[in-house]
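Read the structure below first, then the notes.
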Amino acid sequence: MILKKNYIGLFIIPQLLFIQYISNYPELIEKYYSLWLYQYISFFTRSVSSIFPFSLGDILYIIIILIIGFSLYKKVIKRQFSVLVFFNYSLYYLSIIHFIFYLQWGLNYHRTPIQEKLVIESTYTIDDLKKISKELIIKANTLHRKIATSDSSSTEIPYSQKEISKIASQGYNDLSIIKDNYPEIKLDGLIVKKSLLSLPLTYLGFSGYINPFTNESQVNSLMPKNNMPHTISHEIAHQLGFSHELECNFIAFINTTYNKDIYFKYSGYTFALRQCLNELYKYDKPYYKSLIKLINKGILKDYSNSSDFWKKYSNSIEKVTKSGYDKFLKFNNVDDGIKSYDQSVSLIINYYKKNKI
């Protein structure tokens, strides 16, 4: 049995070599995997996952952890545990999980970047950043006045998580940026579920995730509801086969701002505004401070409420986890790792300039 496990474990070597090789051909991955094979895999797994009202992926993770833990426990009890045994078991499970991960979803990390597909510039000037930030403030203030009782009042989206998920999914079915540029993408049966692990996710600092094995978009049910339209739209983008965080942030921005629902529009514009302001703070603090004065106090309260929520759960484990995730992203062709979350600004600015949404 150990011999068989060794053989399976060693299979990870040709897997790694293949990923390294095929990553040099993003156009092939785009055509034959992301827009062909993955679409069928995704549609099939979504169809199966949709049968279950709960998160099948979360249950799967719990079962895998229990199986691995129980296997190692048996070895310890039988006094068969050693560094070599631990290494063999680790390599065995890692090889299997690695293979399924890249087959089911992971190869999307190496597809053609969305900015190349949509012909969007990847750089912007500080003047562009200042101009777009100011325009976003006007948009956000206008929307805020329509949904808040006063300029100084915070807002609360009046929908349940299930309703938000439905609106987000319907939005994708009407989204021309996907339908026109990626007609191969299957938009039927999009799934967003409350994560059964929402509390651990909160302590780890994550608002949602895509389960690559069941293709369910998972949302942290404890997070502020005002953040859910963008978060859910972000996770659906992962479900469709977009892996890079900056791309999913950008697509989520488009899905929320083009949505007919005013709360979605507000979520999209306030997200983009916050991203732009964070960047502007790095380059021109005086101008940043002058723009803050133009924003409705109620919007600033919404930002503060969201920040306060995450600060309440901040802990040292979160830093370790995000450091690990940062290394995982860098290993998967995301050069800037976890910092890439904030790099959707370049896509948002250049798309906004071109389309004036």
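What the table below lists for this structure:
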quantity: Residues within the range 104-139 that are more than 26 Å from H244 (Cα to Cα) and in contact with a helix residue (DSSP H, G or I) (Cβ under 7 Å, 6 or more places away or on another chain), tallied; calculated: 3
quantity: Qualifying positions in the range 13-68 - surrounded by fewer than 12 Cβ atoms within 10 Å (Cβ to Cβ), of a type in the set (S, T, Y) and over 26 Å from L91 (Cα atoms); calculated: Y40
quantity: Criterion: at pLDDT 85 or above and within 21 Å of L35 (Cα to Cα) - qualifying residue of L118, L91; calculated: L118
quantity: Residue selected from the range 111-161 under the condition assigned to a loop (DSSP other than H, G, I, E, B) and charged (D, E, K, R), by the criterion surrounded by the most Cβ atoms within 10 Å (Cβ to Cβ); calculated: R111
quantity: Subset of the range 242-264 that is touching a Pro at 6+ places or on another chain (Cβ under 9 Å) and of a type outside the set (A, V, I, L, M) - its residue that is farthest from Y303 (Cα to Cα); calculated: H244
quantity: Residue within the range 300-319 that is over 24 Å from I147 (Cβ atoms), buried (at least 22 other Cβ atoms within 10 Å of the Cβ) and modelled with pLDDT of 95 or more present; calculated: no
quantity: Single match in L222, L277 (criterion: over 30 Å from S290 (Cα atoms) and surrounded by fewer than 23 Cβ atoms within 10 Å (Cβ to Cβ)); calculated: L222
quantity: Sole exception among (1) closer than 30 Å to I262 by Cα; (2) at pLDDT 95 or above for N108, by number; calculated: (1)
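Here is a yes/no grid of residues against (1) assigned to a strand (DSSP E or B); (2) more than 16 Å from Q239 (Cα to Cα); (3) at pLDDT 95 or above; (4) in contact with a Gly (Cβ under 6 Å, 6 or more places away or on another chain):
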residue: K179; (1), (2), (3), (4): no, no, no, no
residue: I185; (1), (2), (3), (4): no, no, yes, no
residue: L190; (1), (2), (3), (4): no, no, no, no
residue: L201; (1), (2), (3), (4): no, yes, no, no
residue: Y209; (1), (2), (3), (4): yes, no, no, no
residue: T214; (1), (2), (3), (4): no, no, no, yes
residue: N226; (1), (2), (3), (4): no, yes, no, no
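Rundown of residues vs (1) closer than 29 Å to Q104 by Cβ; (2) of a type outside the set (K, R); (3) over 15 Å from the mean Cα position of the chain (by Cα); (4) buried (at least 20 other Cβ atoms within 10 Å of the Cβ), yes/no style:
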| site | (1), (2), (3), (4) |
| --- | --- |
| E235 | yes, yes, no, yes |
| N249 | yes, yes, no, yes |
| D261 | no, yes, yes, no |
| L273 | no, yes, yes, yes |
| Y281 | no, yes, yes, no |
| D284 | no, yes, yes, no |
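The values are calculated or read from the model by the stated rules, or taken from the named source; none is laboratory data. Remember, it's a predicted structure, so these values are computed and weren't measured experimentally. Here Cβ is always computed from backbone atoms with ideal geometry, including for glycine, and neighbour counts include all displayed protein chains.
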